[in-house]
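Visitor: So that we are looking at the same thing, I have put the structure below in structure tokens.
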Amino acid sequence: MFIKENADKRAWIHQRIRRSEIDKYLINGKSFLDETEIQKALNAGADPDPQYIRAILDKSLMIENLSLTETAALLHVTDLSLISEMRETALKIKKKVYDNRVVTFAPLYLGNFCVNNCLYCGFKEDNCDARRKVLNDRDIRDEIRTLAGKVGHKRLIVVYGEHPRNDIDYIIESIRTIYDVKVKVRKGEGNIRRVNVNAPPFAIADLEKLRDVGIGTYQVFQETYHKQSYARVHPANTIKGDYLWRLYAMHRAFEAGIDDVGLGVLFGLYDWRFEIMALVKHSLELERVFGIGPHTVSFPRLEPALNVEMKDFKQYRVSDEDFKRIILVLRLAIPHTGMIITARETADMRKQSLSLGVTQMDASTKIGVGAYQENITDQDARRQQFLLGDPRTLDQLIREFCEQGMITSFCTAGYRCGRTGKCIMELLRKGEEGKFCKLNAILTFQEWLDDFGSEETQAIARPVLEKEISEVREKYPKMYPKFRQYYERIRNGERDLYI
Ligand code: SF4
């Protein structure tokens, strides 16, 4: 039995990578990620002229992507007053593109079996102390009943290891199950309306299946773009050891018709300046080939995990100051892109990141497989990929946003009404997405408050929402009557209305 399972697994691994689906994108046999080009740009950017930096900031403020040379120049700024100008611009960009909205979500780990052996990960195959589990239909329904019925999440990022037990058919079925669960709550019905997917790189045929089930964003993080460092932490005899298969995951996604993708780096594996440049290059490459950049970027920092030797990763540890610079430069370099900071970071760091340009956060987060239904309160390292830094609930996080004058958007209209890909990028660049997003944010936030908000949070949210509503009346007078009608319907218990 064991021998057969192992043979099946080996056969499954063997057919994962389709060489032809890498080669077709290479130019003269080479990838778009040219380390010499990045290094050259980093060297050329040293000691930038303040006038040049101000011209770059003006370009960012026009919601235009920066070049590698321009990004490098921002990385080299040391003058404190210039850094403060960069921060002001980052905040203006965020306001222009995303107004004062924050999007929230929860991660949901569906399985932690994995055939890979990434040195930094608690789920690696050789970690015999990890407690492995794949959620079955009943488990998934229980997890969603907590997330959508008790906490009030509308968006998830579902996470899967790379393993035949979590293959594409399992992934598709699990997403269908997630969308299927509806829970009666205070005034309406709780359900998950947008499933973003963090999964291994797939072949085009599998990505087409993923497209058809109706997902939000498809995320694949490169972890590190630096080839030598990549090879150091991803053993060559594993699927993940194939750098190019991962690097071209998003090219294949676009080709399969998934036009909403998320990039990311696991900071701490190599020099963070190089990684930012490479992330920007990846974004520019997607724009060049497909006319659309990433919808989101993520920038997790390496965290301790079960049976991971952290001393092996000391050399490229990212300090808090450098981490803030990462967020700032990314906000300026790819200004239309959503930026995600997760509960890996502490509450204080997450609070600071908002003023640097972050737009999305998770809350009430549990990253053990099956941890929501079991209401595990401690962090059981045997079931987690890493350890968390911010245990706050969604209600607490939302209250803090309100105290800073921000509202939480639970809007999931985008992929359901066709505002994805090129369409959403254009709206974001023109700063016009707000027309829809502001309205839908208010509607969905009121819905959440009525169904899940504590009395304390409702009281703090009230004046913030009133201010938003009066802005809608002034800024969008033509849309106001329809919006007002929808708002009243929401208050009367109707759900999932969007404009
Ligand atoms: S990082 Fe992902 S691919 Fe690597 S061992 Fe962990 S779960 Fe598997």
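Visitor: Regarding GLN360, is this residue among the polar types (S, T, N, Q), under 17 Å from the mean Cα position of the chain (by Cα) and either modelled with pLDDT under 95 or closer than 15 Å to ALA343 by Cα (or both)?
Guide: Answer is yes for this residue.
Visitor: Touching a strand residue (DSSP E or B) at 6+ places or on another chain (Cβ under 9 Å) and closer than 30 Å to ALA205 by Cβ: which single residue out of ASP362, ASP260 fits that description?
Guide: Just one listed residue meets the conditions, ASP260.
Visitor: Going through region 451-461 one residue at a time, which ones are touching a residue at least 40 places away in the same chain (Cβ under 8 Å), over 23 Å from PHE436 (Cβ atoms) and surrounded by 14 or more Cβ atoms within 10 Å (Cβ to Cβ)?
Guide: PHE452, GLY453, SER454, THR457, ILE460
Visitor: May I pose another question? Taking region 98-115, which residues are more than 22 Å from PRO335 (Cβ to Cβ) and aliphatic (A, V, I, L, M)?
Guide: Hits for region 98-115 are ALA106, LEU108, LEU110, VAL115.
Visitor: Among the numbered criteria (1) within 16 Å of the ligand (Cβ to nearest atom); (2) touching a helix residue (DSSP H, G or I) at 6+ places or on another chain (Cβ under 6 Å), which one does HIS163 miss?
Guide: That leaves (2) as the condition not met.
Visitor: Then there is this: Scanning for something in contact with a Pro (Cβ under 8 Å, 6 or more places away or on another chain) and surrounded by 20 or more Cβ atoms within 10 Å (Cβ to Cβ), does region 123-142 turn up at least one residue?
Guide: No.
Visitor: Within region 95-114, take every residue that is away from the ligand (no atom under 16 Å from the Cβ) and in contact with a Ser or Thr (Cβ under 7 Å, 6 or more places away or on another chain) and give me the one that is nearest to GLU468 (Cα to Cα).
Guide: ARG101
Visitor: Given the criterion of a type in the set (A, V, I, L, M, F, W, C), within 15 Å of MET339 (Cα to Cα) and more than 16 Å from the ligand (Cβ to nearest atom), identify the matching residue among ILE63, ILE83.
Guide: ILE63
Visitor: Any residue in region 154-175 that is closer than 15 Å to ARG16 by Cβ sitting within a Cβ distance under 7 Å of a residue that is β-branched (Val, Ile, Thr) and not in a strand (DSSP E or B)? List the pairs, counting only those 6 or more apart or interchain.
Guide: TYR160/ILE171; GLU162/VAL115; GLU162/ILE239; HIS163/VAL115
Visitor: Being more than 20 Å from the chain's Cα centre (by Cα) and either in a strand (DSSP E or B) or more than 26 Å from LYS187 (Cα to Cα) (or both) is the filter here; which residues of region 129-165 pass it?
Guide: ASP129, ALA130, ARG131, ARG132, LYS133, VAL134, LEU135, ASN136, ASP137, HIS163, PRO164, ARG165 - these are the residues of region 129-165 that are more than 20 Å from the chain's Cα centre (by Cα) and either in a strand (DSSP E or B) or more than 26 Å from LYS187 (Cα to Cα) (or both).
Visitor: Follow-up. Any residue in region 48-67 that is under 17 Å from ARG87 (Cβ atoms) and at pLDDT 95 or above sitting within a Cβ distance under 6 Å of a residue that is buried (at least 17 other Cβ atoms within 10 Å of the Cβ) and acidic (Asp, Glu)? List the pairs, counting only those 6 or more apart or interchain.
Guide: Sorted first by the residue in region 48-67, then by its partner, the pairs are ILE56/GLU70.
Here is a yes/no grid of residues against (1) modelled with pLDDT under 95; (2) within 20 Å of GLU403 (Cα to Cα); (3) buried (at least 16 other Cβ atoms within 10 Å of the Cβ):
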{"position": "ASN440", "(1), (2), (3)": "yes, no, yes"}
{"position": "LEU449", "(1), (2), (3)": "no, yes, yes"}
{"position": "PRO463", "(1), (2), (3)": "no, yes, no"}
{"position": "LYS467", "(1), (2), (3)": "no, yes, no"}
{"position": "GLU471", "(1), (2), (3)": "yes, yes, no"}
{"position": "GLY493", "(1), (2), (3)": "yes, no, no"}
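Visitor: Right, another one. State whether the residues of region 266-275 include one that is among the basic types (Lys, Arg), touching a residue at least 24 places away in the same chain (Cβ under 8 Å) and farther than 30 Å from TYR179 by Cβ.
Guide: Filtering region 266-275 down to residues among the basic types (Lys, Arg) leaves 273.
Of the ones still in play, those that are also touching a residue at least 24 places away in the same chain (Cβ under 8 Å) are 273.
Adding the requirement that they be farther than 30 Å from TYR179 by Cβ leaves 273.
Scanning region 266-275 turns up at least one residue that is among the basic types (Lys, Arg), touching a residue at least 24 places away in the same chain (Cβ under 8 Å) and farther than 30 Å from TYR179 by Cβ.
Visitor: Hey, another quick one. Looking at (1) out of contact with any Pro (no Cβ under 6 Å at 6 or more places or on another chain); (2) within 16 Å of the ligand (Cβ to nearest atom); (3) under 26 Å from HIS226 (Cα atoms), which is the one condition that is false for ASN117?
Guide: Of the numbered conditions (1) out of contact with any Pro (no Cβ under 6 Å at 6 or more places or on another chain); (2) within 16 Å of the ligand (Cβ to nearest atom); (3) under 26 Å from HIS226 (Cα atoms), the odd one out for ASN117 is (1).
Per-residue answers, yes or no, for (1) touching a Pro at 6+ places or on another chain (Cβ under 9 Å); (2) closer than 24 Å to PHE254 by Cβ; (3) surrounded by fewer than 20 Cβ atoms within 10 Å (Cβ to Cβ):
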| residue | (1), (2), (3) |
| --- | --- |
| ASN166 | yes, yes, no |
| ILE172 | no, yes, yes |
| ILE175 | no, yes, no |
| LEU210 | no, yes, no |
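Visitor: Are any residues in region 247-288 of a type in the set (Asp, Glu) and outside any helix (DSSP H, G or I), and if so, which ones?
Guide: Matches in region 247-288: ASP259, ASP260, ASP271.
Visitor: Go through region 4-65 and tell me which helices (runs of 4 or more DSSP H), entirely inside it, have 3 or more residues that are of a type outside the set (D, E, K, R) and out of contact with any strand residue (DSSP E or B) (no Cβ under 9 Å at 6 or more places or on another chain).
Guide: Ranges flagged: 35-44, 50-61.
Visitor: Also: Among the residues in region 338-353, are any over 27 Å from GLY149 (Cα atoms), within 18 Å of the chain's Cα centre (by Cα), surrounded by 21 or more Cβ atoms within 10 Å (Cβ to Cβ) and not small (Gly, Ala, Ser)?
Guide: no
Visitor: Sort out which residues of region 66-81 are more than 17 Å from MET277 (Cβ to Cβ) and part of a helix (DSSP H, G or I), and write them in order of number.
Guide: First pass over region 66-81, keeping only residues more than 17 Å from MET277 (Cβ to Cβ): 78-81.
Selection gives LEU80, SER81.
Visitor: Separate question: Filter region 166-208 down to the residues that are assigned to a helix (DSSP H, G or I) and among the acidic types (Asp, Glu), then identify the one that is nearest to the ligand (Cβ to nearest atom).
Guide: My answer is ASP206.
Visitor: Could you check region 214-240 and list, in sequence order, the residues that are crowded, with 18+ Cβ neighbours inside 10 Å, within 14 Å of the ligand (Cβ to nearest atom) and assigned to a loop (DSSP other than H, G, I, E, B)?
Guide: Hits for region 214-240 are VAL220, PHE221, GLN222, THR224, HIS234, ILE239, LYS240.
Visitor: In the list ALA253, ALA249, which residue meets the criterion of being more than 16 Å from the ligand (Cβ to nearest atom), of a type in the set (A, V, I, L, M) and in contact (Cβ under 8 Å) with a residue 40 or more places away in the chain? Give the derivation first.
Guide: On the way: ALA249 fails: more than 16 Å from the ligand (Cβ to nearest atom).
Criteria check complete, one pass: ALA253.
Visitor: Is region 126-136 home to any residue that is more than 16 Å from the ligand (Cβ to nearest atom) and on the phi < 0 side of the Ramachandran plot?
Guide: The answer is yes, given that some residue of region 126-136 is more than 16 Å from the ligand (Cβ to nearest atom) and on the phi < 0 side of the Ramachandran plot.
The values are calculated or read from the model by the stated rules, or taken from the named source; none is laboratory data. Nothing here was measured: the structure is a model prediction, and the numbers come from that model. Because the Cβ atoms are built from the backbone with ideal geometry, glycine has one as well, and the counts that use them run over all protein chains shown.
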